[in-house]
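Structure first, commentary second.
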Amino acid sequence: MSVESPAPTGSYLTLEDGRPAVRFTRTYDHPVDRLWRFVTDPDELVHWFPSHAEIDLRPGGTITFSGDPNMPESTGRVIAVDAPRHLSFEWGGDELHFDLEALDEKRTRFTLTNVLEAENTAARNGAGWEVCLGALDAHARGEEHAGPHAGSAAPWQEIYRRYIEAGIPSGAPVPGHG
């Protein structure tokens, strides 16, 4: 008997400037400063982010990505930093925007917006972020998790299928899948 994966939690949207994006929102039972470490500290990112990331945490700073089995080592540029509320940076042709909003002293709303270089990457990237954010969810709860590269244990393909069924733009090549 197979366990059915949950429905996609990401939403596809077109930003005011016309660029396509996928967006995810979660609420965590942690103060905003703790969530800030989840998105900026390499020792925290390793638990959920798809690449090892070293960030020069200032506008114009370099971010180095390595260790992703499906992607070559690369660098990006930090676009904006407003600690502990906002971080955005370039990754490949995309932009990642992390927005943190303290709901009270112990809870934070986390929003990840992946601004896409190409519309047809929405389903692929959305499914990938579902797996990564599942790892972040587990890490935030203090649970052990195999991380974003859990191999066959990661439900990526089923999630990707669900994104396509939901009409999210697709068709981009999938790294590591022929």
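Across the range 1-63, Cα-Cα pairs farther apart than 16 Å form 68% of the total. Here is the tail figure for the chain: Cα pairs spaced more than 19 Å apart come to 57 percent of all pairs.
The apolar share of the surface of the chain, taken as the fraction of accessible area on carbon and sulfur atoms (1.4 Å probe, ligands and nucleic acids excluded), comes to 49 percent. Computed on the range 58-178, with alpha-carbon pairs under 8 angstrom and 6+ residues apart, the relative contact order is 18 percent.
Taking 0.36 nm per intervening residue step and subtracting the Cα-Cα distance, what contour gain separates residue 145 from residue 13 on full extension?
Gain on extension, residue 145 to residue 13, equals 44.5 nm.
Select from the range 42-75 those GluC sites (Glu not before Pro) which occupy a DSSP coil region and have at most 15 other Cβ atoms within 10 Å, ordered by residue number. Qualifying residues, ordered by number: 73. Taking all protein chains together and a 1.4 Å probe, the residues 107, 34 rank 107, 34 from largest to smallest accessible area. Average accessible surface for the range 1-114: 54 Å² per residue, computed with a 1.4 Å probe over protein heavy atoms with every protein chain in place. The reciprocal of the average 1/r between distinct C-alpha atoms defines the Kirkwood hydrodynamic radius, which for the range 41-117 equals 13.1 Å. Rounded to the nearest whole Hz, the Karplus-based 3J(HN,Hα) values (6.51 cos²θ - 1.76 cosθ + 1.60, θ = phi - 60°) of the range 57-66 follow the sequence 6, 7, x, x, x, 8, 10, 10, 10, 8, with x at glycine and proline.
The values are calculated or read from the model by the stated rules, or taken from the named source; none is laboratory data. Quick caveat, the model's predicted, so the values are computed rather than measured. FYI the Cβ positions are ideal-geometry reconstructions off the backbone, even for glycines, and counts take in every protein chain you see. Ligands, DNA and RNA are stripped out before the accessible areas are found, and what is left, the full protein with its side chains, is counted by its heavy atoms. Shrake-Rupley method; radii C 1.70, N 1.55, O 1.52, S 1.80 Å.
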